[in-house]
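Notes for the one structure printed next.
The values are calculated or read from the model by the stated rules, or taken from the named source; none is laboratory data. Worth saying up front: this structure is predicted, and the values here are computed from it rather than measured. Glycine also receives a Cβ, built like all others from the backbone with ideal geometry; neighbour counts cover every protein chain displayed. Just so you know, the surface numbers come from the protein's heavy atoms only, side chains and all, with ligands and any DNA or RNA stripped out. Shrake-Rupley method; radii C 1.70, N 1.55, O 1.52, S 1.80 Å.
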Amino acid sequence: MFKMISFTCYLAFSVLATSAAHAQQNVACTYGTPKAWDKISLMYVGPWKIAHHAGYVIAGPMTMPFPASGDIETIQIEMSPSGGLVGTHPEAQQPIVFDWADEPPWKFEADASRDGVPAPMLSSSDVEILMGCSVDKLARLIGRTQATIDGTTMDMTVRLMVVGPDQMYGIFHTSSVARGIPVKSWRTVTLTR
């Protein structure tokens, strides 16, 4: 819990300090078009530290807290032959293929409310305040993959907002059906260099 709060404060402070020091719009606010992203996406290739923060699991009618993972893991992001980004992790069964998010602006707090759980540590509105621009002005990526655990196939989706040259923030969703019961989860994730 302390690590999650510390990282939130660090993210908020670093973004605000950068914005105040330069007295101009955060550079990440200029990445929100496919054309702009194509020009800079290569600088996101390489190793990233990923932290899985707290969230919730919904199994049938029950909602349970999903504690933060204490481990900081490394994910390698590579450029695919088609020019997109692909994430690999030593424990992943398949790579995570990242696509440009061609979706309306994300509202993480509304999604959480619809699922009947509290909002993530930073809502989309919080990110907009910290960044000084709307979420749709940021590069947004959707990564998808699947894993099969004990005979149950789990669909995984991570929605990331690029909030700087060395920071990404988002929500990691899973969904599956285990023994006839629908199970879904979401938790906040941060990627840093």
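A few points about this structure:
- Phi angles across segment 59-72 convert, under the Karplus curve 6.51 cos²θ - 1.76 cosθ + 1.60 with θ = phi - 60°, into 3J(HN,Hα) values of 10, x, x, 9, 10, 10, x, 10, x, 5, 7, x, 8, 9 Hz, Gly and Pro given as x.
- Under 5 Å, built H, 5+ apart or other chain: amide partners of Val189: His53, Gly170, Ile171, Phe172
- Within the assembled protein chains, the solvent-accessible surface assigned to Thr153 is about 70 Å², based on a 1.4 Å probe.
- Cα gyration tensor shape of segment 52-172, rounded if a/c is under 1.5, else prolate or oblate by comparing a/b with b/c: oblate
- Placing a label point 7 Å from the Cα of Ile181 along the Cα-to-Cβ direction, the residues of segment 42-64 whose backbone N falls under 11 Å of that point are 58-64.
- Val183 accessible area, 1.4 Å probe, all protein chains in place, Å² to nearest 10: 40
- Proximal lysines relative to Lys137, as straight alpha-carbon distance under 16 Å, when same-chain residues fewer than 8 apart are discounted: Lys35, Lys39, Lys107
- Largest first, the residues Met79, Met131 sort by 1.4 Å accessible area into Met79, Met131.
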